[in-house]
Every structure is written in C-alpha cells, then in structure tokens.
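Working notes, structure below.
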Amino acid sequence: MGHAAARAGLRPEVLRLALRARDRVVASGLESRPVLTVIDYSLASRERRLWVLDLTHARVLAHELVAHGRRTGDDRASRFSNEPGSLQSSLGAFITGSVYRGTHGLSLRLRGLDPGLNDRAEARGIVMHGAPYVSEASVATLGRLGRSQGCLALSPVAAARVIQLIRDGSVLFAYYPSPVLERMPVRPEAGGV
C-alpha cells in the first residue's frame, strides 16, 4: 500500500499512523471494510489532502480536496477541538456510519473513537458532506477553500463518490502533527478504541 499511497502524495509517516489507528479499530471489532480514508490536515486546504485507500488491492481510490472547520485555521489548519460549538475539526480515528440526506444533501455519519480527542463528533453533528465552497474556483477566488463548521466537506461531486466508497464501517483517520496521535496505543484500551 505504501508505494501507491506515496505516488499519490501521502507521506509515509502519516500512512504509518493511519494504519496503526486502523489496527486498533480492527482489534476492537468495529471495522468491517478494508478501506481506509486518510486526511492530512498539515497540508494547505488548497491541496488535495484526503485519500481513500483500498487495502486489499493496494490502490488509491480517491484523492480529493477537503475543507476544515472555520476556527481550525485559514488556508492552513492549526487548531482542533472536540468541544461542541468550537467550529473546529477533530483529529484521530473515526468509523463511518450510515448515509442520510441532510442540509447539505448526501451526508455520512461519523463516530469518533478516541476519547477526549474526537468522541463528541456525533453529538457535535460532525459528518462528511458536499459543499460548493470546496472547489478549485474557491481556491482561485479566496486563495483557499471555504470552511465548514467542523465537518469534513468535499466538493458535491467528490462527496457523492467518496461517501459511497467509505460508508458503513470503514476507518477514517484525520492527521495533524501532534504528540497525542503519536502516543495513541497500538491496541485498544478498556473503555475506548
């Protein structure tokens, strides 16, 4: 998987942490699909920083733009939160849930699996959805993507495709250089993933 991901621009150290997070989720019995989504929030919003990886066939299924929360940063993300009302994105491992039609059309429920880091995602309404402010046109006009209220926003076209690829039990890992992510256990702990 490393070669295909590296050719698509996913750095080895980010992939390593994402695979380690996925191993924790698999060991807990929650993951049911060999698809891994990785977001590298250390990259600028105007760069494609979301990858969907097919772990069975070592292929990159998607490589897309993704917006971060309004209070997470301007073009570059720098602040993350698990708090309701923060309008910030969250880091760590998530498990994908069901699809529904919401305010932004087709949307995907996400459950945060890391206590204190993203475990309030459901209560905060943090989901994946499409948004018109995620586009090359936004980058040309603003110098960055528009920003969400903490959700993982993709272009409407990309969201429709990615949501179908990752729905119902795959792991999503959101990265930013953080000692907290480096210290995550390799195996699940009691009370968490």
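Here the stretch 1-42 is the region considered, the condition is being small (Gly, Ala, Ser), in a loop (DSSP other than H, G, I, E, B) and modelled with pLDDT under 95, and the residue that is nearest to the chain's Cα centre (by Cα) is SER32. In the stretch 3-24, the residues that are at positive phi reach residues that are of a type in the set (A, V, I, L, M, F, W, C) with C-beta atoms within less than 9 angstrom, at least six apart or across chains, in these pairs: GLY9/LEU43; GLY9/TRP51.
Just checking, how many residues over the stretch 14-70 are farther than 22 Å from PRO156 by Cα and basic (Lys, Arg)? The total comes to 6.
Sort out which residues of the stretch 1-17 are among the hydrophobic types (A, V, I, L, M, F, W, C) and within 16 Å of LEU61 (Cα to Cα), and write them in order of number. Of everything in the stretch 1-17, those that are among the hydrophobic types (A, V, I, L, M, F, W, C) and within 16 Å of LEU61 (Cα to Cα) turn out to be MET1, ALA4, ALA5, ALA6, ALA8, LEU10, LEU15. Taking the criterion of being closer than 24 Å to THR96 by Cα and of a type in the set (Val, Ile, Thr), the residues of the stretch 123-162 that qualify are ILE126, VAL127, VAL134, VAL157, VAL162.
Can you find even one residue in the stretch 183-190 that is farther than 25 Å from PRO12 by Cβ, at pLDDT 95 or above and not basic (Lys, Arg)?
The answer is no, given that none of the residues of the stretch 183-190 is farther than 25 Å from PRO12 by Cβ, at pLDDT 95 or above and not basic (Lys, Arg).
Scanning the stretch 72-101 for residues that are exposed (fewer than 14 other Cβ atoms within 10 Å of the Cβ) and part of a strand (DSSP E or B) gives SER98, TYR100, ARG101. Within the stretch 15-51, if we keep just the residues that are of a type in the set (Gly, Ala, Ser) and in contact with a Phe, Trp or Tyr (Cβ under 7 Å, 6 or more places away or on another chain), the residue that is farthest from ASP75 (Cα to Cα) turns out to be ALA21.
Considering each of SER178, SER170, SER155, SER138 in turn, give the residue that is of a type in the set (Ser, Thr, Tyr) and in contact with a strand residue (DSSP E or B) (Cβ under 6 Å, 6 or more places away or on another chain).
Among SER178, SER170, SER155, SER138, only SER170 is of a type in the set (Ser, Thr, Tyr) and in contact with a strand residue (DSSP E or B) (Cβ under 6 Å, 6 or more places away or on another chain).
Within the stretch 163-186, none of the residues are of a type outside the set (Lys, Arg), buried (at least 16 other Cβ atoms within 10 Å of the Cβ), without any contact (Cβ under 8 Å) to a residue 60 or more places away in the chain and within 20 Å of TRP51 (Cβ to Cβ).
Answer with yes or no whether GLY69 is closer than 14 Å to SER148 by Cβ, at pLDDT below 95 and not aliphatic (A, V, I, L, M). So GLY69 fails the test.
Restricting to the stretch 107-137, count the residues that are outside any loop (DSSP other than H, G, I, E, B) and crowded, with 18+ Cβ neighbours inside 10 Å.
Taking the stretch 107-137 first, the residues outside any loop (DSSP other than H, G, I, E, B) are 107-112, 121-124, 127-130, 136-137.
From what's left, crowded, with 18+ Cβ neighbours inside 10 Å: 107-110, 112, 121, 124, 127-130.
Residues flagged as outside any loop (DSSP other than H, G, I, E, B) and crowded, with 18+ Cβ neighbours inside 10 Å within the stretch 107-137 amount to 11.
Does VAL127 fit the bill of being touching a residue at least 60 places away in the same chain (Cβ under 8 Å) and over 18 Å from ALA21 (Cβ atoms)? Criteria not met by VAL127.
Going residue by residue through the stretch 53-60, is there one that turns out to be more than 13 Å from the chain's Cα centre (by Cα), assigned to a strand (DSSP E or B) and surrounded by fewer than 16 Cβ atoms within 10 Å (Cβ to Cβ)? Yes - at least one qualifying residue is present in the stretch 53-60.
The values are calculated or read from the model by the stated rules, or taken from the named source; none is laboratory data. A quick note: this is a predicted structure, and the numbers were derived from the prediction, not measured. Please note: Cβ atoms are built from the backbone with ideal geometry, for glycine as well, and neighbour counts cover all protein chains shown.
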